[in-house]
1. Out of curiosity, is Ala175 small (Gly, Ala, Ser) and under 15 Å from Gly108 (Cα atoms)?
2. Considering the range 220-245 alone, what residues qualify as being closer than 18 Å to Leu141 by Cβ and under 14 Å from the mean Cα position of the chain (by Cα)?
3. Can you name the helices (runs of 4 or more DSSP H) wholly within the range 1-87 that have at least 2 residues being of a type in the set (Lys, Arg) and at pLDDT 85 or above?
4. Does Asp99 count as touching a strand residue (DSSP E or B) at 6+ places or on another chain (Cβ under 8 Å), at pLDDT 90 or above and either charged (D, E, K, R) or part of a loop (DSSP other than H, G, I, E, B) (or both)?
5. Looking only at the range 132-151, filter to residues that are of a type in the set (S, T, N, Q) and closer than 14 Å to Gly210 by Cβ; which one of those is farthest from the chain's Cα centre (by Cα)?
6. Might you check whether a residue that is closer than 19 Å to Arg70 by Cα, hydrophobic (A, V, I, L, M, F, W, C) and either over 16 Å from the mean Cα position of the chain (by Cα) or loosely packed, with under 14 Cβ neighbours inside 10 Å (or both) occurs anywhere in the range 206-218?
7. Do we have Gly154 as surrounded by 15 or more Cβ atoms within 10 Å (Cβ to Cβ), at pLDDT below 95 and more than 15 Å from the chain's Cα centre (by Cα) here?
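The values are calculated or read from the model by the stated rules, or taken from the named source; none is laboratory data. These numbers come from a predicted model, not from an experiment. Heads up, the Cβs are rebuilt from the backbone with ideal geometry, glycines too, and the neighbour counts pull from every protein chain shown.
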Amino acid sequence: MLRYVLKRLLAGDLQRPEQTAGVGTDINACRSLYLDLMQGCLQGRIYEDPSILPSGAMEAFNPTKRDLGRAMPRYAHTMIGNQRLNNLRVLAEHVVMHDVPGDFIETGVWRGGACIFMRAILKAYGVTDRKVWVADSFQGLPPPDAEQYPADKGLNFHIHKELAVTAEQVKANFAKYNLLDSQVEFLPGWFKDTLPAAPIERLALLRLDGDMYESTIVALDALYHKLSPGGFAIIDDYGDVPACRAAVTDYRSRKGIQDAICDIDGTGVFWQKVA
């Protein structure tokens, strides 16, 4: 029934709830049910996906850790946790419902779960004039360039091979949800090489998940000026990685950005661009 209703909704065969009084089909409820299910599947809550410990051993599903994004899931397509997924959903729905112009992007996508969720939200609302940009090296994180970016000195994210997920794998994950289409654009390569020249005109949602100072500052320099007033910047690692936080602080100071930073879950933050 859900698939049938969504198919008709996206095809324009169903009207919005306020236009269908007495019909008995609540489109908003169907949309919410679809996105709830997507959210549960993407983070592995539906099937209680185990986690991988730093030692390589398996840990049983822990709902508290999964809620806060404090676990490396074995199979799930995102590790950002339920609270950050909730945040992504609320902000994405806000820009859609308030007609804030622009595409969506995530820089640093791992298995693609957050980007898949972005595309699902556009699908659920029948949005066909926005794209989801999937930016990643698809090789893991770069070795720190401590000479140019001293804040990254000592970071060893590049040695964690489990963070390297190929573009082909991420595309396959999109396809599993029937969400790999022309509204999804991949930007493979190191951010310094891909983001400055990316053919993106305008953004409504900018989600950064690059962990390091370099990855964060390069993305902000290349993309923030394309974020529409009323759009949102989300920084995934602000609370956990001092180098990431330093990059955000330096960029906002340099650009005179005073928009209030809002905490999500102790790790991620966001702010709405006022002007």
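1. no
2. Ile235, Asp236, Asp237
3. Qualifying helices (runs of 4 or more DSSP H): 63-68.
4. Judged against the criteria, Asp99 is not a match.
5. Gln139
6. Checked against the condition, which is being closer than 19 Å to Arg70 by Cα, hydrophobic (A, V, I, L, M, F, W, C) and either over 16 Å from the mean Cα position of the chain (by Cα) or loosely packed, with under 14 Cβ neighbours inside 10 Å (or both), the range 206-218 yields at least one hit.
7. It is false that Gly154 is surrounded by 15 or more Cβ atoms within 10 Å (Cβ to Cβ), at pLDDT below 95 and more than 15 Å from the chain's Cα centre (by Cα).
Here's the yes/no breakdown for (1) of a type in the set (D, E, K, R); (2) in contact (Cβ under 8 Å) with a residue 60 or more places away in the chain; (3) within 30 Å of Ala71 (Cβ to Cβ):
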| site | (1), (2), (3) |
| --- | --- |
| Lys176 | yes, no, yes |
| Gly189 | no, no, yes |
| Ala198 | no, yes, no |
| Arg202 | yes, yes, no |
| Val248 | no, no, yes |
| Ala260 | no, no, yes |
| Ile264 | no, yes, yes |
| Trp271 | no, no, yes |
